[in-house]
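Below is one structure, written out as structure tokens; comments come after it.
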Amino acid sequence: MENYKLFINGEFVDAADKKTFESIDPGTEQPIATIAQAGKADAEAAIAAARKAFDSGVWSNLTPVARMAKMQDFADQIAQQGLRLAATECMDSGQIMGLAKFGPLLGIGLLRNLSLAAATKFPWEEEIPISGNVFAPGRDFIRREPIGVCVGIIPWNFPMSMAFWKIAPALIMGNTIVLKPASYTSLSALIIAEAAKAAGIPDGVVNVIAGPGGELGKTLCTHPAVDKIAFTGSTEVGREIMRMASETVKKVTLELGGKSANIILDDADMDLAVEGACFGTFFHQGQICESGTRVLVSAKIYDKFLDKMKKRAEALRIGYQMDPNSHMGPLVSKQQLATVERYVKIGKDEGAELITGGKRVEVQGIKGGYYYAPTIFAKVNNKMRIAQEEIFGPVVCVIKFASDEEAIAIANDSIYGLGGGVFSSNIARAERVARGVRTGTMWINNYHIFADFCPFGGYKQSGVGRELGLPGLHEYTQVKRIHVAAIADHKANMTFQLMSDYKKVDGFSYNCPTNVVAGHGALSAIYKAMADLKCRRALILTDPGVRKAGLADLVKDALVDFCVGIYDKIPADPDLASVDAATEAARKLAADCIVSVGGGSVIDAAKGVCVTLKNGGKANDHLNLLVLTEPQTPHISIPTTAGTGSEVTNAAVLTSTGAGRKLFIVDTRIMPNVAILDPRFTITMPKGLTVATAMDALTHAIEAMTSTMANKICDGQALQAIRLINENLPLVTADGKNEKARLNMQIAATLAGWAFTIAQVGLAHGMAHTVGILHHVPHGAACGIVLPKVMRYNVDHAADKLALVAQALGVDIAGMKEREAALAAADAVEALMKKVGHPMRLREVGVQEENLPICAFHAIADTAVLFNGRPVNNPNEVLELYKQAY
Ligand SMILES: NC(=O)c1ccc[n+]([C@@H]2O[C@H](COP(=O)([O-])OP(=O)(O)OC[C@H]3O[C@@H](n4cnc5c(N)ncnc54)[C@H](O)[C@@H]3O)[C@@H](O)[C@H]2O)c1
């Protein structure tokens, strides 16, 4: 009789208290080996060894490729031990030789396949191209790192395979392990430990300790130095392990019990289905967690099927597990035999019909052994205990069903969800049934088939997590996110600003790629723009007003044969449905370029169309910030108002009826490729629109300068925009046909658009957005009315900038203090508004006084307000500003 010892820290050792126990051959009831019986001290020693090995980095710091090389050596050692492993497993566990001989082969495959996958396919490090946090620019990436010390606790049904299932992924992913085999079947795991040692796996990386569960299990599952428990066994013990592991919040994966349904549809190949039902249940004496122990059979074939299944079960040969003729060997232990006998009695008492088996079997020439006949219960109701509780023996319940739906319902009427099967000659039908069953694995026209790259695990109370395949490897790592800030400057950090007084940023990143072509006749550049963009099918997007002014047709003529149509149904403040309709038109015409001819409404709708055309779906799918990773459908924009700057900005403002407000797509990749500023397109603007849109542009420019994101490039753009507006707005209001002044206004709007794209805006925009949504006040008009009030509100936070604004507005600030000059800027804005006949009060544009408090509450939460130079946290202050503007 052989003596086996514990494997701790690379050495085979006796138990600290020298205790041993015997392993019994279940086919003869004879002892075959003595094994050192681990106690608490041994478990602690094994954990300490695993901890030390992990923390030293001797294994965890190896590259996956280096670990793969070691795992290949390990696999070679298993190959050398193959016959010994198989024979020992066979005698120790009662597995028939035909099955046990595959154990080493499967183990070798697992070690090699999974280590290769970890070295070549596993995503150890992954860039996150878009973080989804627009306030924290930088690089974000994921690292997957080993968890640490893993404990594997495995059952007695497949001792060798389960040892590989725990050791292989733990080691391959860089962890160390303490493995505890079931006390009935410890031998193969200890031989595997010998192979690990011979392969030169560093000391402490693999530890195997044998002994009964209770005390050992408690030590392993509660020890603070253990990071993860991977358990395979009964649901009852799984619950207890989870409970114990919760004390120190260990990661837990559990592969637990099952009561899987093997569904035989009426169109199944009868011989195949009978074979599948018997193999699914009686293989390895039914001691397999995913066994199909509830055979659900269509009422149409029930009698015939049952008859055939009974005959097949009775033909199975039960014998000593080493006898090559045996189909079935003994149960693993006396206790398991008693459990099976108890359940057979329960089944009979519950009224199920025992049609074969239900008794022990004596094997000729052998005294003793835990042999039991394949047992079939018919007339089983799914509510019976034999249909609900896991028996773990060769006992099957055959249950009748009337329809596929009923079969799925019965299959799902279980606390378990581990395996299952469907037999049918119609694969589509079988797949529908397979999808309906809530379980971790479904086999169609097959059963008990495993593969290294196919994950295995349970739904419901059958487990947590998955083993095998890439999902199984993930279970042995944890995820670390690393963020590297784009700008290492405390003043530039938008999040830190929440807790600091620094509101001005020196560093910035500037990216405004639109090609701007400006001047009288700039429209003729469109033909070359199309060629440069490699486009041949332009769809013109416009609105009815602009169409009526003849501007869209002007563009059509310039495009010559590059134009596939004019779509003129874009409404003002476009909603998502109008973007979808325009997208549909573009799809139908196979447009490869969008040419927007209109104000901000048309250009923004066109941006939405370009994103939706490129990415599919509907406009609503793309209301996101900074998520685009590729160029969008090419877009040439021709603004017909001089206000929003949308022809160069990174924003599309779209009305969502679902949200009841305007939402955004914001992304550098939606900036139009080309913007054509041709004064012929704004000359037709009526005076009111000219003034209101100019105030939009002026507000963009001034708020860009006073925002927390203001920077030197944007300041330059904004100041030039302010100068141009101050000089040219009176000219265009006096004479709408003044082409030069019109062009200057267009350039001002574009400059202001660029400025606020990078530098953002502020409180005036937040207040204008709010009265726009709640009172339908045109954006530019609302901006103009509140702008001077907001400038005065910001004066102590942006006096330097506002003094520059005053100069740009033509104020002679010589001799003025900075603050005085800043206040003069606000006065100058009001003077300009008066001069050009802009409304001065909110009451003039339809706002009701009683609504001002609600506006104040809304405005404070507007995104634009986040960037206001002076922090805005008090709605009463905003209400005061609204009152001043009223
Ligand atoms: N994307 C951005 O960066 C950005 C910035 C600010 C505002 N916006 C959005 O832009 C929209 C406002 O745009 P807008 O102010 O340019 O107005 P608009 O595009 O809504 O046009 C207003 C009206 O003026 C008419 N019109 C436009 N140009 C004309 C012309 N040359 N001759 C005669 N009629 C003409 C149109 O037919 C329309 O009826 C709002 O929805 C706003 O939310 C976008």
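The values are calculated or read from the model by the stated rules, or taken from the named source; none is laboratory data. Not measured: the values here are computed from a predicted model. Neighbour counts are summed over all protein chains in view; Cβ atoms, including those assigned to glycine, are modelled from backbone coordinates with ideal geometry. We work out accessible area using only protein heavy atoms, side chains counted, and drop any ligands, DNA or RNA first. Shrake-Rupley method; radii C 1.70, N 1.55, O 1.52, S 1.80 Å.
Grab the helices (runs of 4 or more DSSP H) fully contained in region 511-611, keeping just those with 2 or more residues being within 14 Å of the ligand (Cβ to nearest atom).
Ranges flagged: 544-548, 551-559, 576-588.
Which members of region 420-440 meet the condition of being assigned to a loop (DSSP other than H, G, I, E, B) and in contact with a strand residue (DSSP E or B) (Cβ under 6 Å, 6 or more places away or on another chain)?
Val437, Arg438, Thr439, Gly440
Are any of the residues in region 797-815 within 43 Å of the chain's Cα centre (by Cα) and open to solvent by 10 Å² or more (accessible area, probe 1.4 Å)?
The answer is yes; a qualifying residue exists.
Residues being in contact with a strand residue (DSSP E or B) (Cβ under 6 Å, 6 or more places away or on another chain) and open to solvent by less than 40 Å² (accessible area, probe 1.4 Å): count how many of those fall in region 577-591.
Total meeting the criteria: 4.
State whether one or more residues within region 100-108 are open to solvent by 50 Å² or more (accessible area, probe 1.4 Å) and among the basic types (Lys, Arg).
yes
Determine whether region 726-738 contains at least one residue that is within 11 Å of the ligand (Cβ to nearest atom) and open to solvent by 10 Å² or more (accessible area, probe 1.4 Å).
Checked against the condition, which is being within 11 Å of the ligand (Cβ to nearest atom) and open to solvent by 10 Å² or more (accessible area, probe 1.4 Å), region 726-738 yields at least one hit.
Give just the number: which of (1) within 11 Å of the ligand (Cβ to nearest atom); (2) crowded, with 21+ Cβ neighbours inside 10 Å; (3) under 41 Å from the mean Cα position of the chain (by Cα) does Gly762 not satisfy?
(1)
Just give me the residues in region 144-164 being open to solvent by 10 Å² or more (accessible area, probe 1.4 Å) and touching a Gly at 6+ places or on another chain (Cβ under 7 Å), in sequence order.
Within region 144-164, Pro146, Ile153, Pro155, Ser161 meet the criteria.
If I filter region 642-654 down to residues being in a strand (DSSP E or B) and in contact with a Gly (Cβ under 8 Å, 6 or more places away or on another chain), which single residue comes out as farthest from the ligand (Cβ to nearest atom)?
Leu654
Anything in region 664-721 that is under 20 Å from Ala492 (Cβ atoms) and either within 12 Å of the ligand (Cβ to nearest atom) or crowded, with 24+ Cβ neighbours inside 10 Å (or both)? List them, or say none.
Within region 664-721, Val666, Glu703, Ala704, Met705, Thr706, Ser707, Ala710, Cys714, Gln717, Ala718 meet the criteria.
What are the pairs with Cβ atoms under 6 angstrom where one residue, in region 873-886, is at pLDDT below 95 and the other, located anywhere, is crowded, with 16+ Cβ neighbours inside 10 Å and assigned to a helix (DSSP H, G or I)? Sequence gap at least six, or different chains.
Pro875/Ala856; Pro875/Ile860
Among (1) in contact with a Pro (Cβ under 9 Å, 6 or more places away or on another chain); (2) surrounded by fewer than 16 Cβ atoms within 10 Å (Cβ to Cβ), there is one condition Gly10 misses while meeting the rest; what is its number?
All conditions pass for Gly10, except number (2).
Answer yes or no as to whether Thr235 is farther than 24 Å from Arg51 by Cα and crowded, with 24+ Cβ neighbours inside 10 Å.
For Thr235, the condition - farther than 24 Å from Arg51 by Cα and crowded, with 24+ Cβ neighbours inside 10 Å - is not met.
Which of (1) in contact with a Gly (Cβ under 8 Å, 6 or more places away or on another chain); (2) under 30 Å from Ser326 (Cα atoms) does Gly109 not meet, given it meets every other one?
Gly109 satisfies all of (1) in contact with a Gly (Cβ under 8 Å, 6 or more places away or on another chain); (2) under 30 Å from Ser326 (Cα atoms) except (1).
Considering only region 119-137, I want to know if a residue exists there that is within 21 Å of Cys454 (Cα to Cα), of a type in the set (Phe, Trp, Tyr), touching a helix residue (DSSP H, G or I) at 6+ places or on another chain (Cβ under 8 Å) and surrounded by 24 or more Cβ atoms within 10 Å (Cβ to Cβ).
no
Scanning for something buried (at least 24 other Cβ atoms within 10 Å of the Cβ), among the polar types (S, T, N, Q) and more than 8 Å from the ligand (Cβ to nearest atom), does region 634-641 turn up at least one residue?
yes
Suppose we filter region 427-468 for residues that are open to solvent by 40 Å² or more (accessible area, probe 1.4 Å) and polar (S, T, N, Q); how many remain?
Qualifying residue count, region 427-468: 3.
Please list, ordered by first then second residue, the pairs with beta carbon atoms under 7 Å, 6 or more apart or interchain, first in region 516-543 and open to solvent by 90 Å² or more (accessible area, probe 1.4 Å), second away from the ligand (no atom under 16 Å from the Cβ) and of a type in the set (D, E, K, R).
Arg536/Asp592; Arg537/Asp592
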